[in-house]
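Trainee: I'd like to ask some things about the structure below.
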Amino acid sequence: METNIHKDLPSLNALRIFESAARHGNFTRASAELFVTQGAVSRQIKQLEQELGCDLFLRQGPKVQLTQDGEQFYRVVEEALTLIRRGASRIRRHGVEEKLTVSLLPSYAHNWLIPRLPSLEKACPSIKLNLSLSYESIDFSQDPSIDAAVRLGRGVWPHLFAYKLSDHLLTPVCSPAVAETLKQPEDLKNHRLVVEPEGFDEWARWLKVARVDASQSKKLHLDDFNLQILAAVEGQGVSLCREAFVANEIASGRLVKPFDIQVLAHFQYYFVCPPSHMKDQKVDSFFHWIKDENA
């Protein structure tokens, strides 16, 4: 007796539309992404709800919000579609050497990972690592070529596996010549502070701990960590850096820590990927290597 294994499966098209609408929280954006009408999106979602016997969305004008059942179903559908995309990507690359692609912030790649590549090659000789450098957020569901990523944050990435790699301490650094003029934290009022983009700069936290009001000091805005280090080395200002990332410059004497005051960074580096990616042996091996190297 034959069994129809497909009879309980919703249509793949309906699942694609549901995933897009759930991800955007908006039927209009889903229709634009999938090149269908908004009416088609609404009809497919309604049909899917009827098949499942529950409401997947709460309608609130142009915006929609997942119900509890919708949240649960979204996690299943997102993981399933990701597996399909990754499987299709592997088939397309058939005959081409498969690599592990990790998206990294340039600062992390330059100051942490690349110096440790010999350790990775020794621990995981079968991994062919491909680095993708980017400051942008990663949408794994839309880019199946990315296996995992390392990003700065506070550990809040819905539906993703996230593991904190570090507890980095921040400390001011400057050139030896500038350090000679810094006898106490109050002296920073007379120096240029190298600051990061708004939302990521942590000078205010360090200055609060040091009890210094440097609101009137000059600022040099640089959004690249390597430029922040270069500015400090060249005597163009005082940078607030992760001590682990400037250890070589401090050891060589190119940079100096003028004060012993440190603060724990508000944003830390996390290894992130969809939970389903952790089932891939290459991803799992890389994760355990990077976790051990940060221990």
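Readers should treat all values here as calculations from the given coordinates under stated rules, not as data from a laboratory. Keep in mind that this is a model prediction, so the values were computed, not measured. Cβ placement follows ideal geometry from the backbone for every residue including glycine, while neighbour counts extend to all protein chains displayed.
Trainee: How big is the Cα convex hull of region 169-264 in projection, averaged over all directions, in nm²?
Mentor: Mean projected area of the Cα convex hull: 5.3 nm².
Trainee: Check which residues have an amide H placed less than 5 Å from Glu202's amide H, if you skip close sequence neighbours.
Mentor: Glu196
Trainee: Can you tell me the dipole magnitude for the chain around its Cα centre, using point charges on the Cβ only (Lys, Arg +1; Asp, Glu -1), in Debye to the nearest 20?
Mentor: So the magnitude is around 200 debye.
Trainee: Could you give the dipole magnitude of region 12-92 about its Cα centre, charging the beta-carbon of Lys and Arg +1 and that of Asp and Glu -1, in debye to the nearest 20?
Mentor: Computed about the Cα centre, the dipole is about 400 debye.
Trainee: Using each residue's phi in region 125-132, evaluate 6.51 cos²θ - 1.76 cosθ + 1.60 at θ = phi - 60° and report the 3J(HN,Hα) Karplus result to the nearest Hz, with x for Gly and Pro.
Mentor: x, 7, 7, 9, 7, 10, 9, 10
Trainee: Cβ under 14 Å from Ser103's Cβ, Ser103 left aside: what net charge do those residues give with Lys, Arg +1 and Asp, Glu -1?
Mentor: Summing Lys/Arg as +1 and Asp/Glu as -1 gives -2.
Trainee: In region 169-264, what % of DSSP beta bridges are antiparallel (nearest 5)?
Mentor: Bridges in region 169-264 that DSSP calls antiparallel: roughly 60 percent.
Trainee: Across bins of 10 angstrom width beginning at 0, how are the C-alpha pair distances of the chain distributed, in whole percent?
Mentor: Computed distribution, short to long bins: 5, 22, 23, 20, 16, 9, 3, 1, 0.
Trainee: What are the ³J(HN,Hα) values, in whole Hz, obtained from phi via the Karplus relation 6.51 cos²θ - 1.76 cosθ + 1.60 with θ = phi - 60°, for each residue of region 189-199 in sequence order, with x given for Gly and Pro?
Mentor: Here the 3J(HN,Hα) series is 4, 9, 10, 7, 9, 7, 10, 8, x, 4, x Hz.
Trainee: Could you tell me which chymotrypsin sites (Phe, Trp or Tyr not before Pro) in region 80-184 are loop residues by DSSP with no more than 15 other beta carbons within 10 angstrom of their beta carbon?
Mentor: Tyr135
Trainee: Enumerate the lysines that Lys291 could reach by cross-link, defined here as Cα to Cα under 29 Å, with residues fewer than 8 away along the same chain left out.
Mentor: Within reach: Lys99, Lys122, Lys128, Lys164, Lys257, Lys279, Lys282.
Trainee: Right, here's the next one. For region 169-264, with only Lys/Arg (+1) and Asp/Glu (-1) charged at the beta-carbon, what is the dipole magnitude about the Cα centre, in debye rounded to 20?
Mentor: In total the dipole reaches around 240 debye.
Trainee: Right, here's the next one. For region 229-295, what is the convex hull volume of the alpha-carbon atoms per residue, in Å³?
Mentor: Residue-normalised Cα hull volume stands at 135 Å³.
Trainee: Right, another one. If you line up the long axis of helix 68-92 against the longest principal axis of the chain, both from Cα atoms, how many degrees apart are they, to the nearest 10?
Mentor: In the chain, helix 68-92 runs at an angle near 80 degrees to the longest axis.
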